Amino acid sequence: QVQLVESGGGLVQAGGSLGLSCVASGRAFSMYTMGWFRQAPGKEREFVAVMSWNGARTYYADSVKGRFTISRDNAENTVYLQMNSLKPEDTATYYCAASFRGPNALQPHEYDYWGQGTQVTVSS
């Protein structure tokens with residue numbers, strides 16, 4: 001069992017930056033593929049970024065590529081999402097998630113554990 005807690009959301013102007021953190025409790029964090037997803041009101045949850053258990057492989061949604069960076073610190077049981085050049089369309093609740101599958105896990109149903117989410121609002 002893994003518990004995930006996100007933090008770092010908030011309100012930022014377009015063009016600004018925010019950094020999200022997700023701390024995991026429980027066992028064997030370093031064994032999990034970690035992903036970030038987001039969900040805007042009235043929309044389905046969508047993939048943002050994923051990182052393999054050892055950080056060697058990452059993959060990003062086209063909409064965030066070049067602006068967002070996922071990273072992890074297995075010693076601290078933490079995964080991060082650095083978001084730069086934010087746009088109003090990035091406004092959503094952001095969730096971290098853990099998967100037993102590899103870093104080709106891009107769909108929500110492929111993830112086993114979820115955090116409660118943190119709100120990111122980008123004003124124009």
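Taking the range 20-46, which residues are closer than 13 Å to L81 by Cα and either loosely packed, with under 14 Cβ neighbours inside 10 Å or hydrophobic (A, V, I, L, M, F, W, C) (or both)? Write out each step before concluding.
Here is the first cut: in the range 20-46, the ones closer than 13 Å to L81 by Cα are 20-23, 34-38.
Of everything in the range 20-46, those that are closer than 13 Å to L81 by Cα and either loosely packed, with under 14 Cβ neighbours inside 10 Å or hydrophobic (A, V, I, L, M, F, W, C) (or both) turn out to be L20, C22, V23, M34, W36, F37.
Check off (1) farther than 15 Å from Y111 by Cβ; (2) free of Cβ contacts under 8 Å to residues at least 24 places away in the same chain; (3) not in a strand (DSSP E or B) for T69 and give me the number that stays unchecked.
Here T69 clears every test but (3).
Quick one: is S71 modelled with pLDDT of 95 or more, within 13 Å of the chain's Cα centre (by Cα) and polar (S, T, N, Q)? Before you say what the answer is, go through the steps one by one.
Details: modelled with pLDDT of 95 or more: yes; within 13 Å of the chain's Cα centre (by Cα): yes; polar (S, T, N, Q): yes.
When the stated conditions are applied, S71 passes them.
Any idea which residue in the range 107-124 is nearest to G8 (Cα to Cα), counting only those that are open to solvent by 40 Å² or more (accessible area, probe 1.4 Å) and part of a loop (DSSP other than H, G, I, E, B)?
So the residue we want is Q116.
Given (1) surrounded by fewer than 17 Cβ atoms within 10 Å (Cβ to Cβ); (2) assigned to a loop (DSSP other than H, G, I, E, B); (3) of a type in the set (A, V, I, L, M), where does L86 come up short, assuming only one miss?
It is condition (1) that L86 fails.
If you go through the range 22-34 one residue at a time, do you hit one that is in a strand (DSSP E or B), touching a Pro at 6+ places or on another chain (Cβ under 6 Å), among the β-branched types (V, I, T) and touching a residue at least 12 places away in the same chain (Cβ under 8 Å)?
Checking the range 22-34: at least one residue is in a strand (DSSP E or B), touching a Pro at 6+ places or on another chain (Cβ under 6 Å), among the β-branched types (V, I, T) and touching a residue at least 12 places away in the same chain (Cβ under 8 Å).
Say we look at the range 89-106 and pick out the residues that are at pLDDT below 95 and open to solvent by 60 Å² or more (accessible area, probe 1.4 Å); which of these is nearest to F47 (Cα to Cα)?
If we take residues in the range 89-106 being at pLDDT below 95 and open to solvent by 60 Å² or more (accessible area, probe 1.4 Å), then N104 is nearest to F47 (Cα to Cα).
For Q13, work out the one condition from (1) open to solvent by 60 Å² or more (accessible area, probe 1.4 Å); (2) closer than 15 Å to Y94 by Cα it doesn't fulfil.
Here Q13 meets the rest and fails (2).
Pull out all pairs, ordered by first then second residue, where Cβ-Cβ is under 7 Å, the residues are six or more apart or on different chains, the first lies in the range 90-110 and is charged (D, E, K, R), and the second is in a loop (DSSP other than H, G, I, E, B) and surrounded by fewer than 22 Cβ atoms within 10 Å (Cβ to Cβ).
E110/R101
The values are calculated or read from the model by the stated rules, or taken from the named source; none is laboratory data. Since the model is a prediction, treat every value here as computed from it, not as a measurement. Reconstructed Cβ throughout: ideal geometry from the backbone, glycine too, with neighbour counts over all protein chains shown. Heavy atoms of the whole protein, side chains included, go into the accessibility calculation; ligands, DNA and RNA do not. Shrake-Rupley method; radii C 1.70, N 1.55, O 1.52, S 1.80 Å.
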